[in-house]
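Read the structure below first, then the notes.
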Amino acid sequence: MTMIARGFPTKKSLREAIAAGVVPEFEDPSLMADWLKFGKRHFTLADLRVGDSFVATNHPKRSWFAEIIRTAENTWKVL
């Protein structure tokens, strides 16, 4: 499921915000509670364990997609 990242017009702006220490909130649009990837409808990067990843986009435009991976404690990679 592709997560929703609000307030970021480009993938570059999301990548720069995360690199600057901003912890954005993402939304999981799953219809059923059982389908929520991280157990919450709204989550932040702090909710991920090392090795977790997900794909995010800007909704409703969907002009960019980014894979976000937690690589180490307080370290994330945006692809």
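The values are calculated or read from the model by the stated rules, or taken from the named source; none is laboratory data. Quantities reported herein were computed from a predicted structural model and do not represent experimental measurements. Cβ placement follows ideal geometry from the backbone for every residue including glycine, while neighbour counts extend to all protein chains displayed.
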Whether any residue in segment 18-26 is of a type in the set (D, E) and not in a strand (DSSP E or B) is what I want to check. no
Looking only at residues in segment 15-63 that are aromatic (F, W, Y) and closer than 22 Å to T75 by Cβ, which one is surrounded by the most Cβ atoms within 10 Å (Cβ to Cβ)? F26
Note on segment 39-63: residues assigned to a loop (DSSP other than H, G, I, E, B) and either closer than 24 Å to T10 by Cβ or in contact with a Ser or Thr (Cβ under 9 Å, 6 or more places away or on another chain) (or both) are R41, L48, V50, G51, D52, N58, H59, P60, K61, R62, S63
Identify the residue in segment 64-79 that is of a type in the set (A, V, I, L, M, F, W, C) and surrounded by 12 or more Cβ atoms within 10 Å (Cβ to Cβ) and, among all such residues, is nearest to P9 (Cα to Cα). W64
For segment 67-79, check the following and say yes or no: at least one residue is in a loop (DSSP other than H, G, I, E, B), acidic (D, E) and at pLDDT 95 or above. no
